[in-house]
Structure formats: structure tokens, C-alpha cells
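Undergrad: Supplied in C-alpha cells, the structure appears directly below.
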Amino acid sequence: MTGRPPPNLSDPAERAAYRRELRGVARRTRFSGIAFALIGLALLYASKGAVDPRLLRTLGIVAITAGFGLMIFATMRRTLYHELRMNPPGDL
């Protein structure tokens, strides 16, 4: 985190720029979480026609769990970034 001052959220242009900045925080992690969840759903769907569906079902549940875990982690990182950006450590 750089020593930038907090954004002026009363100015519409700065608020829009800060919103774009926040969207970029942990972007890959969020998209990876969504991808894992979709892969898990595909595995669960594929397990319906499988000869032994237990393995596919287990892998699907693990992938969905990992995906949601990644999305929660990304949300936590984004929240921490926002908190540090609004209240830099040097301001205490």
C-alpha cells in the first residue's frame, strides 16, 4: 500500500476512479473462485451419468467449496484494502 491520501468520495470523478480501483483488487482471485465453482457444478452434473459417481461428486463438492473459499478470501482482501486506503497506518 502506497502512502496515498484517502480519496475524496464527495467528488463524483474521484468516487468513480476509486470504485474502478476497488474493482481491480483481488480480481484474479474472485474470477478463480467463480471458475472453481463452475467446474464443481460441471463435475456434479457429469456425475449423474457416471458408472461410479462418488469420485466426481466428491471432486465437485471440493471444487465448489474451494471456489467459495476463494471468493470469501477475495472479499476480505478487498475490504482490508478499502480500510487501509481510507485510514492509512500513518494517520493514527
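Just so it is clear, none of the values below were taken in a lab; they were calculated from the coordinates. Keep in mind it's a predicted model, so treat the numbers as computed, not measured. So basically every Cβ, Gly included, is an ideal-geometry build from the backbone, and we count neighbours across all protein chains shown.
Undergrad: Dipole magnitude of the range 6-92 about its Cα centre, charges +1 at Lys/Arg Cβ and -1 at Asp/Glu Cβ only, in debye to the nearest 20?
TA: On the way: 13 positive and 6 negative charges, 65 e Å.
Charge dipole, the range 6-92, about its Cα centre: 320 debye, nearest 20.
Undergrad: Please report, in whole Å³, the volume per residue of the convex hull around the C-alpha atoms of the range 22-91.
TA: Details: hull volume 4.2 nm³, N = 70.
That works out to 60 Å³ per residue.
Undergrad: Something else about it: What list do you get for 71, 76 if you sort them by fewest beta carbons within 10 Å?
TA: Working: 71 19, 76 11.
By the 10 Å Cβ count, ascending: 76, 71.
Undergrad: Could you check the spin-label model distance between residue 22 and residue 72? Points 7 Å from the Cα along Cα→Cβ, value in nm.
TA: Distance between label points: 2.2 nm.
Undergrad: Next up: What is the distance, in nm, between label points placed 7 Å from the Cα along the Cα-to-Cβ direction at residue 82 and at residue 52?
TA: The modelled label-to-label distance comes out at 4.7 nm.
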